[in-house]
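Quick notes on the structure that follows.
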Amino acid sequence: MSKPTDLVQGTLDLLILKTIALEPVHGWGIAQRIRQVSKEVLQVNQGALYPALHRLEQSGWIRAKWGESDSNRRAKFYALTPAGRKYLEQEEANWLRLSAAIGLVLEIS
Amino acid sequence: MRWIYKFRLRLRSLFRKSRVEKELTEELRFHLEKLIEEKVGKGLTPEDASYAALRELGGVEQIKEECRDMRRVNYIENFAQDVRYGLRMLAKNPGFTAVAVLTLALGIGANTAIFSVVDAVILRPLPYKDPARLVLVKERIPMATPEPIPVCAPDAVQFQRQNQVFESVAAFRGGQFDLSGEGEPERIPAERVNAGLFSLLGVQPVVGRAFTADEDQPGHSLAILSYALWQRRFGARPDVVGRTVTLDRQPYTVIGVMPRSFVFPLRGMEQGDAADVFVPIAFTHDELSAVGDNFNNSVLARLKPGITLARANTDVDAIAYRILQTYPPEFRDRIKLEAIALPLSGQVVGRVRTLLLLLLGAVGFVLLIACANVANLLLTRAAHRQREIAVRLALGAGRLRLLRQLAAESMLLALLGAGLGLLLAFGIMQGLVGWMPANIPRVHAIGLDLPVLAFTLTLAVLTGLAFGVVPTLAASRTDLNSTLKEGGRSAQRGPQHRSLRSALVVAEVALSLVLLVGAGLLVRSFERLLATQPGFRPEHVLTASLSVPQVQYKQDQQIRSFYRELIARLQQLPGVKAIGASTDLPLEAGWEELFTPEGYQPPPGAGLNLCSHSVILGDYLQALGVPLLRGRYFTEQDKPGSTPALIVSESLAKRYWPNQDPIGKRLKTGPPESKDPWLTIVGVVGDVKQGPLDAPTMQHTYESYEQRGLPGNSLNVAARAAGNPASLASALRAAVWGLDGQLAVAQVRTMGQVIDESTTPRRFNLFLLVAFAALAVALAAIGIYGVISYSVAQRTHEIGIRMALGAERSRVLQFVIGQGFKLTLMGVGLGILGALALTRFLSSLLYGVKPTDPLTFVTVTLILAVVALLACYIPARRATKVDPMVALRYE
């Protein structure tokens, strides 16, 4: 039932976790923010976003809470759990190591 | 802590499903609205914007399903779905469901009922403290009988004193008391017990106290009541302690009441039925000085911790050797006395273990057949559902998921069957308990309790797997392409599928043949038993048992005149043709005594001269209809003072005086040295079955009451009636109470009833095994019918073509029946082999029939063959009715 964690998927998880690390954000907001921060480079596939959120919630990394959005409408906000915060740190470190390594390889060739 | 959080989420997803769903919808709608807002902001019309947004988002439903997947509770929901779907499928095929559930219910119900008996009787430990360390000490006189026998009173005391292996030892001896006072006098089972018995068993009275060691001496009239008697006769009043009850006209002070759960003795302890009253055994001086006589006390002992049975056996055997040295020389030189310690549980359940395990095996067979039948039904249905399964596979259902769903259906069937089976078992058990023969111990403990329920549940799961796995695997192998391509054609299964069904039927036939042979052998045994001549004419004979209490009838003269007067009065009754009395009734005696024929030289290696013996009064032999072969019956001339007369049985006369006239020959009781008077034979009568009908006939002697006097104070009255003997019963009671209003008239039965009671254990075995065999055959017949009619239905097309090409109806009939018959023959062949291998376990239950009795084998094979033919004939006839035109168009 779990999707294979290929690079894209793993990346999406990391992006989501990082995006909500500062404050609770709803699904729409997460997509928007990733797009803005990456300067329109990363377009989150919206069909993949929600399953990813639900999976992260089931895994206990993030938790959901209903709240008021800026336009005064009810929206589901996601925030990191303490376990999720640790997990993010780990994954961030992994990612940096990995991208640095890839960078090294690319420079050499 | 993360897992708690996760667990809560799962629970929420599972049980607050609608809420979670609503939230999911709302979340996605929010996203969509935002998306639309954005598009409108970019200048699209609201309508275009919403279309664009939906396109961008992708299918909302797909996203939802993916989210649901992510919530990881699908497998539980799937399970619920499987169960729901299974129930719906079962409900849609009520015929199939009913047959399958009923078949399983019969199998599981019968198994549960028999298991509940096995559990209560065999498996559960005896209801005493640490029963594994309890043993019965028995003696053995190999020359008289190879079986261990109870212990004589002085020896019981020696075992108590001399042993080094037992924590405690207690003797007990069964008997009966006339309980009189309030209400009708009643004969109740009683037990004389050593004071230490209750603590040995780890049981104490619920009310009052147990006996003390001091009270275990003659001269204490104390009684402890059973719970049941306390409830029944004394209204469960706690002030019963200290009150006086009248037992055999003697006052006894009640000192206690045993707990409800206390049942003692159990059958197999050789001291009768569960006692209603306990008194101290308090061996009298006379009893203790009767060395080497009256081997009729049971001795119970508790092994010291760490002492093995072998060690105990050595110890008691050594004691027996020392005891023998104290016996009179005429015994000491001639016999060997041994002793043995036997585990109590083996003694109690040993005799019925074989029978019960056999019955369990038999119902097990029935269940296997039931499983095979249901598997066959499922296979048939799987064939019909092949297209459904193929379509589901084509639409993307996982094979595993399909397997799970089919397995759920099988389990549902099994559980439904088990549920109905439990109800059935409850009914069967009610019937069984009332019917149970007297030799099965602990019947009172039988019930539907936890172990039995656990057994049923296990059985349900196992059967579900057993009959479910085959069709499920078959279905999962469905070849998608060919099935779908077959289109509208009725699915024709591959040959391996058909052979699977055939194999199941062959197995069913084989199993039911084994059961039939077993049942057949028991039927033949019973037939033989009923054909066994008891040696007397039981019709028109009424019997009753009387026991005059010693307290009131102190003098032998009083007892004599009571019985004489009673017989005289009964003789006057209209409708009485002959009347007499005896110490033992036929079929229920069994004690053998040593005797010495005058001038008889035993051939080398001959055993002891033993015969059973009764003392008779009045026209007892005439009343029973025992034929006189030579000489005469007892008459007036056989009175005290005249030559002591004896009547012997034919087999005794023939053994000791072959080819001679036994009249006038003499014998005496006891060994050659005995001082007993010589008895002169005045008559020879036919052999009577003194013991059970199926036991070898014993040699027997009759002495006259007038000359010998009465050993003890009990007599059994036997009256031959002109008409229905039962109608004499009230006149008999009235005559007894006319002489003594306080005397209990016990066991008023016709001789027919006595015979019935002696054959009850066999009737019970017979009934059960025949019922199981009949059930098995019926199920097997249904199995054959199912397979043949299915194959006919499948081959309608082929049969139609054959008939269109000119095949005759009789050929078609032959062809179809032949097909079924081939299966039957294979099953019968296997079954005969199985029966030959298994029936030897039956041999202890057979009488006059060998376990390989050819007649039985042939008969039951024929019965099975006829049933199988019938089962094939119905579908075969249907095949001949096939209209070629219809059959051809049908496709």
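Remarks
- Residue match in region B:505-521 (condition: touching a helix residue (DSSP H, G or I) at 6+ places or on another chain (Cβ under 7 Å), touching a residue at least 60 places away in the same chain (Cβ under 8 Å), part of a strand (DSSP E or B) and not assigned by TED's automatic domain parsing to the domain that holds B:G575): no
- Out of B:A228, B:A195, one residue alone is touching a helix residue (DSSP H, G or I) at 6+ places or on another chain (Cβ under 6 Å) and either assigned to a helix (DSSP H, G or I) or crowded, with 17+ Cβ neighbours inside 10 Å (or both). It is B:A195.
- From B:L585, B:L628, residue being of a type in the set (A, V, I, L, M), within 25 Å of B:R564 (Cβ to Cβ) and at pLDDT 90 or above: B:L628
- Looking only at region B:623-644, residues that are out of contact with any Gly (no Cβ under 7 Å at 6 or more places or on another chain), in contact (Cβ under 8 Å) with a residue 40 or more places away in the chain and over 30 Å from B:I141 (Cβ atoms) come to 7 in all.
- Annotation: of all residues in region A:79-89 being over 12 Å from A:D13 (Cβ atoms) and of a type outside the set (A, V, I, L, M), the one that is farthest from the other protein chains (Cβ to nearest Cβ) is A:E89.
- Which numbered condition B:Y873 misses (of (1) closer than 23 Å to B:G834 by Cα; (2) among the aromatic types (F, W, Y); (3) in a helix (DSSP H, G or I)): (1)
To keep it simple, each residue is scored yes or no on (1) in the same structural domain as B:S199 (by TED's automatic domain parsing); (2) part of a strand (DSSP E or B); (3) surrounded by fewer than 20 Cβ atoms within 10 Å (Cβ to Cβ).
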position	(1), (2), (3)
B:P259	yes, no, yes
B:E270	yes, no, yes
B:L342	no, yes, yes
B:G346	no, no, yes
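- Taken over region B:521-566, the residue count meeting the criterion of being of a type in the set (F, W, Y) and farther than 30 Å from B:Y252 by Cα is 2.
- Evaluation of B:D286 against (1) part of a loop (DSSP other than H, G, I, E, B); (2) surrounded by fewer than 15 Cβ atoms within 10 Å (Cβ to Cβ); (3) among the charged types (D, E, K, R) (one fails), failing number: (1)
- Test: residue in region B:370-385 that is over 23 Å from B:A781 (Cα atoms) and crowded, with 17+ Cβ neighbours inside 10 Å: yes
- Of the residues making up region B:734-756, those that are part of a helix (DSSP H, G or I), of a type outside the set (A, V, I, L, M) and surrounded by 16 or more Cβ atoms within 10 Å (Cβ to Cβ) number 1.
- Selection status of B:I832, in a helix (DSSP H, G or I), in the same structural domain as B:A507 (by TED's automatic domain parsing) and more than 31 Å from the chain's Cα centre (by Cα): no
- Number of positions in region B:724-756 that are charged (D, E, K, R) and without any contact (Cβ under 8 Å) to a residue 12 or more places away in the chain: 1
- Residue check, B:A807 among the small types (G, A, S), more than 29 Å from B:R353 (Cβ to Cβ), assigned by TED's automatic domain parsing to the domain that holds B:L377 and outside any helix (DSSP H, G or I): yes
- Residue in region B:873-885 that is free of Cβ contacts under 8 Å to residues at least 12 places away in the same chain, farther than 25 Å from B:R501 by Cβ and among the basic types (K, R) present: no
- Breaking point among (1) at pLDDT 90 or above; (2) closer than 19 Å to B:A318 by Cβ, for B:V206: (2)
- For B:V118, the criteria (1) within 14 Å of chain A (Cβ to nearest Cβ); (2) among the aliphatic types (A, V, I, L, M); (3) closer than 30 Å to B:L200 by Cα hold in every case but one, which is (1).
- Residues (under 16 Å from B:D293 (Cα atoms) and under 32 Å from the mean Cα position of the chain (by Cα)) located in region B:143-170: B:A144, B:T145, B:P148, B:I149, B:P150, B:V151
- Looking across region A:1-25 at every residue that is touching a helix residue (DSSP H, G or I) at 6+ places or on another chain (Cβ under 7 Å) and within 10 Å of chain B (Cβ to nearest Cβ), the one that is modelled with the lowest pLDDT is identified as A:M1.
- Matching residues, region A:30-44, being within 14 Å of chain B (Cβ to nearest Cβ), in contact with a helix residue (DSSP H, G or I) (Cβ under 8 Å, 6 or more places away or on another chain) and not β-branched (V, I, T): A:A31, A:R33, A:Q43
- Of all residues in region A:54-75, those that are facing chain B (nearest Cβ under 9 Å) and either within 14 Å of A:G27 (Cβ to Cβ) or touching a helix residue (DSSP H, G or I) at 6+ places or on another chain (Cβ under 7 Å) (or both) total 14.
- Only listed residue being surrounded by fewer than 16 Cβ atoms within 10 Å (Cβ to Cβ) and of a type in the set (A, V, I, L, M, F, W, C), chosen from B:A223, B:A213: B:A213
- Checking each residue in region B:539-571 for being over 19 Å from B:A726 (Cα atoms), in contact (Cβ under 8 Å) with a residue 40 or more places away in the chain and in a helix (DSSP H, G or I) picks out B:D556, B:I559, B:R560, B:F562, B:Y563, B:R564, B:E565.
- Unmet criterion (only one of (1) under 30 Å from B:I122 (Cβ atoms); (2) at pLDDT below 90) for B:Y227: (2)
- Checked against (1) surrounded by 16 or more Cβ atoms within 10 Å (Cβ to Cβ); (2) within 60 Å of the chain's Cα centre (by Cα), B:N78 passes all but condition (1).
- Selection status of B:L11, more than 11 Å from chain A (Cβ to nearest Cβ), outside any helix (DSSP H, G or I) and either surrounded by 12 or more Cβ atoms within 10 Å (Cβ to Cβ) or at pLDDT below 80 (or both): no
The values are calculated or read from the model by the stated rules, or taken from the named source; none is laboratory data. Because the structure is a prediction, the values reported are computed rather than measured. Note that each Cβ is placed from the backbone with ideal geometry, even for glycine, and that neighbours are counted across all protein chains shown.
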